[in-house]
Each structure stands twice: as C-alpha cells, then as structure tokens.
1. Quick one: net charge of Glu65's neighbours, Cβ under 13 Å, K/R +1, D/E -1?
2. If you filter the range 4-48 for chymotrypsin sites (Phe, Trp or Tyr not before Pro), then keep DSSP loop positions with at most 15 other Cβ within 10 Å, what is left?
3. Which Cys in the chain stand alone, with every other cysteine's Cβ at 4.7 Å or more from theirs?
4. Where does helix 51-68 land angle-wise versus the long Cα axis of the chain, in degrees 0 to 90, nearest 10?
5. Could you give the size of the charge dipole of the range 1-69 about its Cα centre, using +1 on the Cβ of each K and R and -1 on the Cβ of each D and E, expressed in debye and rounded to the nearest 20?
6. What residues have an amide H closer than 5 Å to that of Met49, excluding those fewer than 5 places away on the same chain, when H is modeled at 1.01 Å from N in the peptide plane?
7. On a 0 to 90 degree scale, rounded to 10, what angle separates helix 2-24 from the longest Cα axis of the chain?
8. Give me the distance in nm between label points sitting 7 Å out from Cα along the Cα-to-Cβ direction at Asp38 and Cys25, one decimal.
Amino acid sequence: MTRRLADIITRILLLIVVLTGLAACTTARGSFCELAPDLRYSQAVYDAMNDAEAARHLAYLKTGERICGWKK
C-alpha cells in the first residue's frame, strides 16, 4: 500500500514538472500591435541613449507608426 502511494505521488509530481515546463515554453502570440507598447520616453532618457539604442528605438517607433497607426 505504501509503495503504491509513493508511486502515485511520484507520477503526479512528474506530471506537474512536465506540465510546468511546457507552460514555460509557450510563445506569446499576436500581432506586433497587440504585443508591443507605444514606448515614449522623457527627453532625459533619449539624451542618455547611445547612437545604437536611439536607432533601434526610432526603428521601433517608425514600425509602430506605420503598421499600428501610432501617433508621432
């Protein structure tokens, strides 16, 4: 009886671990407009960005303006 109970508990714990692992590996689905926020920062943040960061952020904003209709 004790051995059978231990087997059941072990199987349940294994199932929980497997299902948790599967849930952690899911990818968010949806369009760029559903998933990406319209990120606007204060001037101080823009001033602190290096050239590469500013270029990436500008490309991000231009994409949002073009496909999501974000306002400038």
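Since every read-out is calculated from the coordinates, none of them should be taken as a lab result. The structure displayed is predicted, hence computed values, not measured ones. Glycine gets a Cβ as well: all are built from the backbone with ideal geometry, and neighbour counts include every protein chain shown.
1. Charge balance in the 13 Å sphere: +4.
2. For chymotrypsin sites (Phe, Trp or Tyr not before Pro) across the range 4-48 that sit outside H, G, I, E and B with at most 15 neighbouring Cβ atoms in 10 Å, the list reads Tyr41.
3. Cys25
4. So the helix axis and the longest Cα principal axis differ by about 80 degrees.
5. The dipole magnitude comes to about 560 debye.
6. none
7. 10 degrees
8. 3.8 nm
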